[in-house]
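Working notes, structure below.
The values are calculated or read from the model by the stated rules, or taken from the named source; none is laboratory data. Here the structure is a predicted model, which means the values were calculated and not measured. Every residue, glycine as well, gets a Cβ built from its backbone with ideal geometry; the counts of neighbours run over all protein chains shown.
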Amino acid sequence: MAKPTQIPNYPPTVVVRHPNEKPAKCSIWPLRHRADFVFLVQPVKERPPLEGYVRLAAEGPELSKADAECGLLLLDSSWRWLGPMSREFLAIPPRSLHGYQTAYPRRSKLFADPANGLASVEALVLAYDILGRPLAGLLDHYRWADEFLRANGLTV
C-alpha cells in the first residue's frame, strides 16, 4: 500500500528564476518537481499571492524562528541580475542569513559577491533549518553538499 503524501504545515516555497540562469548550473533547479515548491520565471505573468511570505535577501533582518509560519520567496539569479529582479518583490519583507559559509566556487570577475552570498540551494537549506522544516532531499543533487554541511556544522 502506498504511503499517503504528507502535506507540509507551511506554505510552498516560491522560487522565481531569472531567465538567463542556466539550468545546468542552477543549484535549486533539481527541486522543481517537489510538491512543496512553486517555480516561476521572471518576469512573472501570474504572481501567486505572497501575503505571509518573507523574501530571502542579502540584506535585512535575519531570518528567525519567528518567521516559521511564513512562506519563503527565493529569487534565483546571479548577483549581477538580482538587483533589477528584486524590484518587483520589494513589498515582500526581506530576511537575511549571516554567519554561514558557501561551498559554491564563485568566479565572477565583473561583480563582487556579498560576504554572506550563498548558492540558492544553500540559502534554502539554511532557511529550512532555521525554520524547523525538513531538509531531506534538498541537497541530493548538490555537488558541494558535503563541504557545505561540514562548513556550517549541519547534518541532514
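Scanning the stretch 27-53 for residues that are under 15 Å from Val125 (Cα atoms) and of a type in the set (A, V, I, L, M, F, W, C) yields Ile28, Trp29, Leu31, Phe37. Of the residues examined, Leu90 is not one that is farther than 25 Å from Leu154 by Cα, among the aliphatic types (A, V, I, L, M), under 15 Å from the mean Cα position of the chain (by Cα) and surrounded by fewer than 17 Cβ atoms within 10 Å (Cβ to Cβ). Is it the case that some residue within the stretch 85-93 is touching a residue at least 40 places away in the same chain (Cβ under 8 Å), among the basic types (Lys, Arg) and out of contact with any Ser or Thr (no Cβ under 9 Å at 6 or more places or on another chain)? So far as the stretch 85-93 goes, no, none of its residues is touching a residue at least 40 places away in the same chain (Cβ under 8 Å), among the basic types (Lys, Arg) and out of contact with any Ser or Thr (no Cβ under 9 Å at 6 or more places or on another chain). When each of Gly71, Gly99 is tested for being touching a strand residue (DSSP E or B) at 6+ places or on another chain (Cβ under 8 Å) and not acidic (Asp, Glu), the lone residue that passes is Gly71.
Filtering the stretch 121-156 to residues that are over 19 Å from Leu56 (Cβ atoms) and of a type in the set (S, T, N, Q) leaves only Thr155.
So is Leu31 over 16 Å from Ile92 (Cα atoms), touching a helix residue (DSSP H, G or I) at 6+ places or on another chain (Cβ under 9 Å), aliphatic (A, V, I, L, M) and modelled with pLDDT of 90 or more or not? So Leu31 fits the description; yes.
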